[in-house]
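Accompanying notes for the structure given below.
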């Protein structure tokens, strides 16, 4: 079975390698990412693999319910609207307050 991968923009890959980003949010997960998965990290700008990680915690909630510890190790937004706009650039206009987000904490190997 092929190893699961997660793609990150160049600037986020740098934050991960610096140890500043330890959590990612995924909408419309088509890979069935789960706690305990061993995944490869791909730079979506260069298509190069930049690391491997173990998914240590995976849970889901609505975007409108994200709070507190859901942001620990993740970039923050000045408002809910900024957060929705950011995810619309990745996923399109279907993103809104009721969209389910998969929150994934990881540790680099």
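The values are calculated or read from the model by the stated rules, or taken from the named source; none is laboratory data. This one's a predicted model, so the numbers in the text were calculated from it and none came from an experiment. Glycine also receives a Cβ, built like all others from the backbone with ideal geometry; neighbour counts cover every protein chain displayed.
Brief remarks on what is shown
Conditions tested, residue by residue: (1) over 17 Å from residue 106 (Cα atoms); (2) in contact with a helix residue (DSSP H, G or I) (Cβ under 7 Å, 6 or more places away or on another chain); (3) without any contact (Cβ under 8 Å) to a residue 24 or more places away in the chain; (4) not in a loop (DSSP other than H, G, I, E, B).
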position: 21; (1), (2), (3), (4): no, yes, no, no
position: 50; (1), (2), (3), (4): no, yes, no, yes
position: 57; (1), (2), (3), (4): no, no, no, yes
position: 73; (1), (2), (3), (4): no, no, no, no
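- The set of residues from region 67-83 being surrounded by 12 or more Cβ atoms within 10 Å (Cβ to Cβ) and more than 21 Å from residue 15 (Cα to Cα) comprises just one member, 80.
- Identity of the residue in region 3-19, assigned to a loop (DSSP other than H, G, I, E, B) and within 14 Å of residue 52 (Cβ to Cβ), that ends up modelled with the lowest pLDDT: 3
- Failed criterion for residue 10 (all others in (1) touching a strand residue (DSSP E or B) at 6+ places or on another chain (Cβ under 7 Å); (2) surrounded by 17 or more Cβ atoms within 10 Å (Cβ to Cβ) hold): (2)
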